[in-house]
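Peer 1: Before we start, here is the structure in question, set down as structure tokens.
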Ligand SMILES: [Zn+2]
């Protein structure tokens, strides 16, 4: 049962320009927009382009096109691709992420260690659930060693409590959910978990709406924020993890394995109604509510 936010909502749409956006992304945007607007909150568009290797201008363009197609507005963020590249790309914030990482390792040296494992090593070492087994924990390599990643040392049995508006408080054991995750990549750039926390704190985000597949990341970020000087406010963030839209064979939709083609939801669906219907279903509303955006808003206003 959904618990509507009863706190000042600042939220964000956080797509990645590494593929055309699929149905799951569209559902996430619509749900985030509804929750924020119903609470009279503030909505940011915060595009996560840390992974520039998979970036394509067409994917960036597709983010703006998808929002327009869905009929969703936002209060702060890039107005288009040029504005994004000039003022909002995460490349502009790399020095800020680095400053946080340096301060974190000075304040908590035992929490971070250097890992020199190659891709091949990692594939060979991975445990059945995919976690890194911590082989470099005891090598005591200096963090300044070139071509090494920084990992966070997650002790055994590390429970993280995640407040969730849909499912109530949940406990995730970070050591088995994710293990010793990377906080700084071999090229010296901050990893996703760090950038995501720093960005959300900078924007004053109070509500994060994301798919259930990101529960391990939520656990990692809540745990990590304690060790990142100046980022402690992240600990008060509220979350809503929603179900994922599955393909018929039960596999999770990702941007690289989209059902029905590679052009993204805007090209694949005739109208955004398929998105509104799925959101109505996620919120446990009557199917008629999903006929249009107006229908969704009407039910929510009365609910
Ligand atoms: Zn290693």
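Peer 1: So if I check each of 43, 67, 101, which one is in contact with a strand residue (DSSP E or B) (Cβ under 9 Å, 6 or more places away or on another chain), crowded, with 16+ Cβ neighbours inside 10 Å and not in a helix (DSSP H, G or I)?
Peer 2: Working: 67 fails: not in a helix (DSSP H, G or I); 101 fails: not in a helix (DSSP H, G or I).
Unique residue meeting the criteria: 43.
Peer 1: Which condition does residue 166 not pass, out of (1) within 19 Å of residue 217 (Cβ to Cβ); (2) modelled with pLDDT under 95; (3) within 16 Å of the ligand (Cβ to nearest atom), if it passes all the others?
Peer 2: Exception for residue 166: condition (3).
Peer 1: If you check residue 140 against the conditions, is it surrounded by fewer than 17 Cβ atoms within 10 Å (Cβ to Cβ) and either part of a strand (DSSP E or B) or modelled with pLDDT under 95 (or both)? Before the answer, list the steps.
Peer 2: Working: surrounded by fewer than 17 Cβ atoms within 10 Å (Cβ to Cβ): yes; either part of a strand (DSSP E or B) or modelled with pLDDT under 95 (or both): yes.
Yes: the conditions hold for residue 140.
Peer 1: Here's something else I'd like to know. So residue 226 clears everything in (1) surrounded by fewer than 18 Cβ atoms within 10 Å (Cβ to Cβ); (2) out of contact with any helix residue (DSSP H, G or I) (no Cβ under 9 Å at 6 or more places or on another chain); (3) free of Cβ contacts under 8 Å to residues at least 60 places away in the same chain except one condition, right? Which one?
Peer 2: Tallying (1) surrounded by fewer than 18 Cβ atoms within 10 Å (Cβ to Cβ); (2) out of contact with any helix residue (DSSP H, G or I) (no Cβ under 9 Å at 6 or more places or on another chain); (3) free of Cβ contacts under 8 Å to residues at least 60 places away in the same chain, residue 226 fails exactly one: (2).
Peer 1: Could you check how many residues of segment 116-132 are outside any helix (DSSP H, G or I) and either within 9 Å of the ligand (Cβ to nearest atom) or over 18 Å from residue 177 (Cβ atoms) (or both)?
Peer 2: Of the residues in segment 116-132, 4 are outside any helix (DSSP H, G or I) and either within 9 Å of the ligand (Cβ to nearest atom) or over 18 Å from residue 177 (Cβ atoms) (or both).
Peer 1: If you don't mind, another one. Only residues in segment 109-122 that are closer than 19 Å to residue 193 by Cα count as the first member; pair them with residues that are part of a helix (DSSP H, G or I) and within 11 Å of the ligand (Cβ to nearest atom), Cβ under 7 angstrom, at least 6 apart or cross-chain, and list the lot.
Peer 2: From segment 109-122, the pairs are 113/136; 113/137; 114/136; 115/136.
Peer 1: For segment 145-158, name all the residues that are surrounded by fewer than 18 Cβ atoms within 10 Å (Cβ to Cβ) and within 16 Å of the ligand (Cβ to nearest atom).
Peer 2: Passing the criteria: 145, 146, 147, 153.
This table checks each residue for (1) touching a strand residue (DSSP E or B) at 6+ places or on another chain (Cβ under 8 Å); (2) closer than 30 Å to residue 107 by Cα; (3) modelled with pLDDT of 90 or more.
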{"position": "189", "(1), (2), (3)": "no, yes, yes"}
{"position": "204", "(1), (2), (3)": "yes, yes, yes"}
{"position": "208", "(1), (2), (3)": "yes, yes, yes"}
{"position": "225", "(1), (2), (3)": "no, yes, yes"}
{"position": "248", "(1), (2), (3)": "no, no, no"}
{"position": "252", "(1), (2), (3)": "yes, no, no"}
{"position": "269", "(1), (2), (3)": "no, no, no"}
{"position": "280", "(1), (2), (3)": "no, no, no"}
{"position": "298", "(1), (2), (3)": "no, no, no"}
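Peer 1: Go through (1) touching a helix residue (DSSP H, G or I) at 6+ places or on another chain (Cβ under 8 Å); (2) more than 13 Å from the ligand (Cβ to nearest atom); (3) assigned to a strand (DSSP E or B) and name the single condition residue 198 misses.
Peer 2: (3)
The values are calculated or read from the model by the stated rules, or taken from the named source; none is laboratory data. Here the structure is a predicted model, which means the values were calculated and not measured. Glycine gets a Cβ as well: all are built from the backbone with ideal geometry, and neighbour counts include every protein chain shown.
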